[in-house]
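Here's the structure, in structure tokens; my notes come after.
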Amino acid sequence: MRETGMYERREPQEFQPLLDSRQAADLMHLHPESVKRLARTGAIVAAYLPAYLLDLAEGQRRGCEGRAGAAAARDGEDDA
């Protein structure tokens, strides 16, 4: 397996969506407090992220999508 250097280009990563307790509860058909209790006991994997970190992660995801769309648009212009 080849090690990648610090400045080498890497394959783009697909970000997994972050869910709050209400969204997770909807997916699991549970009450949000039940999801929180399961997370506290370790029955489900969870991490506490303050709201400003969630906003930062969402902004980064949107930025990555925007750069990918801009690159695709530039590639399409070359063909014309």
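Every number in this text was worked out from the coordinates using simple rules, so none of it is lab data. Bear in mind that the values here come from a model prediction, so they are computed numbers and not experimental data. Note: ideal-geometry Cβ built from the backbone for every residue, glycine included; neighbour counts use all protein chains shown.
Ordering V35, V45 from the fewest to the most neighbouring beta carbons within 10 Å gives V45, V35. Annotation: extensible slack from A46 through Q60 equals 3.0 nm (criterion: 0.36 nm per residue apart, minus Cα-Cα distance).
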